[in-house]
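To start, the structure itself, in structure tokens.
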Amino acid sequence: MKWIEAHIDTSPAGLEPAADMLSTLGIEGLVIEDEGDFRRFLEENRQYWDYVDEALDRSMAGKCRITFYAEENEEGFGKAAAARIAIAELKKNHPEYGQLLMTVDGVEDADWENNWKVF
């Protein structure tokens with residue numbers, strides 16, 4: 001099965017409003033990446049490690065992103081289009097939410113249950 005992978009880049013202030021907007025559109029199962037949450041997690045759990053991988057640290061620098069997935073079909077494309085329209089409206093009314101840039105990619109379905117066995 002093919003999927004639509006949509007990313008919405010925003011500011012820390014825009015994460016919750018954008019996520020709420022997606023929820024009202026019926027888009028659930030969001031992946032939220034926030035540098036602030038990442039930094040707080042590291043600070044509050046310092047006792048469990050003595051270093052953080054530099055590549056991971058760099059990948060989270062400045063990141064405030066919401067990702068969602070939809071099936072690559074008419075309904076999925078409809079959800080992505082509705083999200084793009086709603087994001088444009090949110091951006092127009094709330095410049096403090098950052099760039100609110102939405103990018104869309106296609107991804108192939110993977111056998112997540114068994115692919116790990118390769119490694």
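The values are calculated or read from the model by the stated rules, or taken from the named source; none is laboratory data. It should be emphasised that the depicted structure is a prediction, and the values quoted were computed from it without experimental measurement. Neighbour counts run over all protein chains shown; Cβ positions are idealised from the backbone, glycine included. Side chains included, ligands, DNA and RNA excluded: accessible areas come from the protein's heavy atoms. Shrake-Rupley method; radii C 1.70, N 1.55, O 1.52, S 1.80 Å.
Taking the condition crowded, with 16+ Cβ neighbours inside 10 Å and among the hydrophobic types (A, V, I, L, M, F, W, C), does Phe68 pass?
yes
Pick from the stretch 1-53 the residues that are touching a strand residue (DSSP E or B) at 6+ places or on another chain (Cβ under 8 Å) and of a type in the set (S, T, N, Q): which of them is farthest from Met102 (Cα to Cα)?
Here the residue is Ser11.
Residues being open to solvent by 90 Å² or more (accessible area, probe 1.4 Å) and within 13 Å of the chain's Cα centre (by Cα): count how many of those fall in the stretch 11-26. Show your work before the answer.
Of the residues in the stretch 11-26, the ones open to solvent by 90 Å² or more (accessible area, probe 1.4 Å) are 12, 16, 24.
Filter again for within 13 Å of the chain's Cα centre (by Cα), leaving 12, 16.
Counting residues in the stretch 11-26 that are open to solvent by 90 Å² or more (accessible area, probe 1.4 Å) and within 13 Å of the chain's Cα centre (by Cα) gives 2.
Inside the stretch 102-112, can you point out the residues that are open to solvent by less than 50 Å² (accessible area, probe 1.4 Å) and touching a helix residue (DSSP H, G or I) at 6+ places or on another chain (Cβ under 7 Å)?
Selection gives Met102 alone.
How many residues does the stretch 73-101 contain that are open to solvent by less than 100 Å² (accessible area, probe 1.4 Å), part of a helix (DSSP H, G or I) and either touching a residue at least 24 places away in the same chain (Cβ under 8 Å) or closer than 14 Å to Ile4 by Cα (or both)?
Of the residues in the stretch 73-101, 11 are open to solvent by less than 100 Å² (accessible area, probe 1.4 Å), part of a helix (DSSP H, G or I) and either touching a residue at least 24 places away in the same chain (Cβ under 8 Å) or closer than 14 Å to Ile4 by Cα (or both).
Please work out if Gly29 is on the phi > 0 side of the Ramachandran plot, touching a helix residue (DSSP H, G or I) at 6+ places or on another chain (Cβ under 8 Å) and open to solvent by 30 Å² or more (accessible area, probe 1.4 Å).
It is false that Gly29 is on the phi > 0 side of the Ramachandran plot, touching a helix residue (DSSP H, G or I) at 6+ places or on another chain (Cβ under 8 Å) and open to solvent by 30 Å² or more (accessible area, probe 1.4 Å).
Please go through the stretch 39-65 and pick out each residue that is over 17 Å from Ala13 (Cβ atoms) and either crowded, with 16+ Cβ neighbours inside 10 Å or of a type in the set (D, E, K, R) (or both).
Glu43, Glu44, Arg46, Asp50, Asp53, Glu54, Asp57, Arg58, Met60
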